[in-house]
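Please read the structure below before turning to the comments.
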Amino acid sequence: MADDKITTIIKCQNIAPIENLTREIKSSSLKMGVFANNGSGKTFLSRLFRLTEKQDELILDENGKSPTDKLLTFGKNNGTFSFKITDKDGNVKDDFSISVTKGQIPTIPDTKYLYHTFNQDYVEQNIRVLGYEKDSDIQGFILGKVNIDLKDDEDNLVKIEKEGKILSEQVEKEINAYVEENISNIQNIKRLSEYAYLKPNEIFQGVDKDLFEVSKSIEDLFADYNKIKSVPENLADIENVNRVNIDFTSLNEIKENLGKEFSLSSLAEDFKQKIKSKQIFIESGMELLSETRDNSCPFCEQELQENALSLIDNYTKYINDTEAKTIKQFKGNIELLSKFIDFFKSIENANSKRINLFNEYKTKYIPSSEDVKLGAINIEEAKNTIQVFIDIIEEKLKDISKPIPVENSIIENIEKHQTLLNSIIDSNNEQIDIINAKKNRIGEENKTVRKEICKCAYNHLIETHKTNIKSIFQLREKWKTLDAEIKKKKEQQKVSKKDKVASTIKSVLNYFFSDKYTLDEETFRLIFYENALEKDQAKDVLSEGEKNIVAFAYYIGDTHLKVESEDDYEKLFFIIDDPISSMDFTHVYTLCGVIRDISKIIDKLKRERLIIFTHNNDFMRVLTANNIVDKKLLLKKGELKDFNNNLTVPYINHLMDVYNIARKNELANHTTANSIRHIIETLTKFQNVDISKDGIAEYIKKNIPNDTKSYTLINDLSHGGWRSEQSPITEDDYKDVCETIIKHIENNFKGQIEYCEKFNAN
């Protein structure tokens, strides 16, 4: 056929009654019906498909037997099964093989399709053992189908992650290289807590933080570090500068004396002038003369003559005189003030030397003090002020009898200069003490510089890599945002497996029972007319036919346990083996309706793939008549053949004939009675009533008690005539009988009439 585009190849060897089967099937779809009498091997074929679902449960028993041993043909130790499907374009959609060896667990291949098998094994293991209750402990979710843009988002997410990773690795590499080349080789620096700042993660985190306050560039700090390392072990301390300490009491006495009038000596003036010019010499000589025991000169040792003795007497008078003493005092004052000037000069010189030594220390060894400057001392003003004082005294010596007033400002200025000089000296001495302490604790200086190097390196690394790090952060934030969006999209499409299983079971139960049986979605207990069945009640309440219906409903619900995402629904392949056991007629039709509507019940299912095995001819008729299966096969004597369509009675065609007469005002014809008869016969068979004249009559009597025409029309006209004593069957009689039959089916098998209505609507 032109539409036979799909090729399915089934091979089976030494599996139960099937010793050697090879069949190539051409079909337009993967919806197959296989009719087989009991014992033909159909259940074994379903078990082979079910192995793909149960591989994790296959274990040897205590006797070393494999659960697959029962699949082998009697007397055979090995068997094989293969299943291959190729689409119209020659693409292999699935191709798997299973080898069964006695006493061994077979290797179950991965399959492209998700095979979901319903057979008595499924019922026994999943339903019957639980007393026809359903385990409610269902975990997990079904992920929704990926949106069109989600793939692009995920690709972009990978791109962003890759870009961020490359850039991050680059920055980390450069950071580590810088630290290794410039910092880590500094002695003992790794022991410092600040060294941890130079780790890449710290640099990354520090981009948005304040930098460390540092006073120098890292190059200058490296230079400082080298200076500190060069400090000699026995480097001497810098000495302090002495403070200025002037006796202001003496100065005030001098000031007072200058303002006094002193009496002059009676000696001749020219004589006094001579003495004044060499008074110190004369006083020294007189002192030496007093130590001699004779009148000899202490210098030339000649005897002193009268003139000399007279001169010496005058000298003595003068020296002992007030004028001489006063002059001597004032000259001593000048000497004292001159010493002050000399002291100032010595301080100035000492301070200058300290400055030079301090500058050497700070430049060569102590970089933390390099910005410190010692104050220079300028004694000029102080010296000048004292010199003014000396000049006043010298003026006084010219005439001690003449008072010379001295302003207070002169002494105040000297005091001011002393204070100023001592302030400079104290400040300098303080800095000298500090640099000496630093020198003597050079290890602390070293540690401080090493810490500063770490901080400066930290600042350098952040400034150098800030742009790239911020780009990395932007990529990370972009990744985080996009990842959240992707997760949100996926979450929006994520459906609870438990919810899906429950709703599907309820939907299937509703097909069969309406409100008679439903399901508690939380406990998965059956509800019988709004009353939840307690544990073990279901198996006692349900009839055998209802049990099989419930089992099939659970099977359809379990479809959701086969999938992890919506994409998996496209891989589903249903294997169904004789689901109609013990079902009455109406339920068989309903089951067919469930299979037909399976893509509606499982809303994510877009394409039905199924193989239905049955030994029931009537079930096969319904499947074929309603086009639920497109390919019909017969399994017989180990062969899989095409099924003869003539073997199926077109029940649905007969039903449509009767329906159209009853509801569409079509006219009856010579086949109408046969159609009615066939309908009643089919109903009768499913009610386990013998198909005989009495059986048909009994069915009508029992199920359509008010009907007075159907039996006659069915019995007589379907055989070619009517009895002479009967009135002829009119068009209205046909219509009445058809309506009676349709109403009966409508009341008891509503789904069949709904099918007729849908068919006519289309």
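The values are calculated or read from the model by the stated rules, or taken from the named source; none is laboratory data. These figures come from a predicted structure and were not determined experimentally. A quick note on method: Cβ atoms are made from the backbone with ideal geometry, for glycine too, and the neighbour counts reach across all protein chains shown.
Observations on the structure shown:
- Among the residues making up segment 564-607, those that are closer than 22 Å to Ser27 by Cα, surrounded by fewer than 19 Cβ atoms within 10 Å (Cβ to Cβ) and among the charged types (D, E, K, R) are Glu570, Lys571, Arg596, Asp597, Lys606, Arg607.
- From Arg243, Arg293, residue being of a type in the set (Lys, Arg) and either modelled with pLDDT of 90 or more or surrounded by 13 or more Cβ atoms within 10 Å (Cβ to Cβ) (or both): Arg243
- So Ser507, is it touching a residue at least 40 places away in the same chain (Cβ under 8 Å), polar (S, T, N, Q) and either in contact with a strand residue (DSSP E or B) (Cβ under 8 Å, 6 or more places away or on another chain) or in the same structural domain as Ile166 (by TED's automatic domain parsing) (or both): no
- In segment 594-615, the count of residues that are in a helix (DSSP H, G or I), in the same structural domain as Met32 (by TED's automatic domain parsing), more than 44 Å from the chain's Cα centre (by Cα) and aliphatic (A, V, I, L, M) is one or more.
- Unique match (being in contact (Cβ under 8 Å) with a residue 24 or more places away in the chain, under 30 Å from Lys151 (Cβ atoms) and surrounded by fewer than 14 Cβ atoms within 10 Å (Cβ to Cβ)) among Lys498, Lys470: Lys470
- Among the residues making up segment 224-259, a single one is touching a residue at least 12 places away in the same chain (Cβ under 8 Å), closer than 30 Å to Glu348 by Cα and of a type in the set (Ser, Thr, Tyr): Ser250.
- Flag for Asp155 being without any contact (Cβ under 8 Å) to a residue 12 or more places away in the chain, acidic (Asp, Glu), part of a loop (DSSP other than H, G, I, E, B) and outside the structural domain of Glu323 (by TED's automatic domain parsing): no
- Unmet criterion (only one of (1) outside any helix (DSSP H, G or I); (2) among the aromatic types (Phe, Trp, Tyr); (3) modelled with pLDDT of 90 or more) for Phe524: (3)
Here's the yes/no breakdown for (1) over 29 Å from Ala625 (Cα atoms); (2) of a type in the set (Ser, Thr, Tyr); (3) touching a residue at least 24 places away in the same chain (Cβ under 8 Å):
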| position | (1), (2), (3) |
| --- | --- |
| Ile9 | no, no, yes |
| Ile25 | no, no, yes |
| Ser28 | no, yes, yes |
| Glu57 | yes, no, no |
| Lys65 | yes, no, yes |
| Leu71 | yes, no, yes |
| Gly79 | yes, no, yes |
| Asp89 | yes, no, no |
| Ile105 | yes, no, yes |
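- Strands (runs of 3 or more DSSP E) contained in segment 23-131 and holding at least 1 residues surrounded by 16 or more Cβ atoms within 10 Å (Cβ to Cβ) and acidic (Asp, Glu): 92-101
- Within segment 565-578, the set of residues being touching a helix residue (DSSP H, G or I) at 6+ places or on another chain (Cβ under 9 Å) and either among the hydroxyl-bearing types (Ser, Thr, Tyr) or not assigned by TED's automatic domain parsing to the domain that holds Glu608 (or both) comprises just one member, Tyr569.
Residues are listed down the side, and each one gets a yes or a no for (1) farther than 30 Å from Ser28 by Cα; (2) in contact with a helix residue (DSSP H, G or I) (Cβ under 9 Å, 6 or more places away or on another chain); (3) at pLDDT below 90; (4) among the basic types (Lys, Arg):
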position	(1), (2), (3), (4)
Phe613	no, yes, no, no
Met620	no, yes, yes, no
Asn627	no, yes, yes, no
Lys637	no, no, yes, yes
Asn645	no, yes, yes, no
Thr671	yes, yes, yes, no
Thr684	yes, yes, yes, no
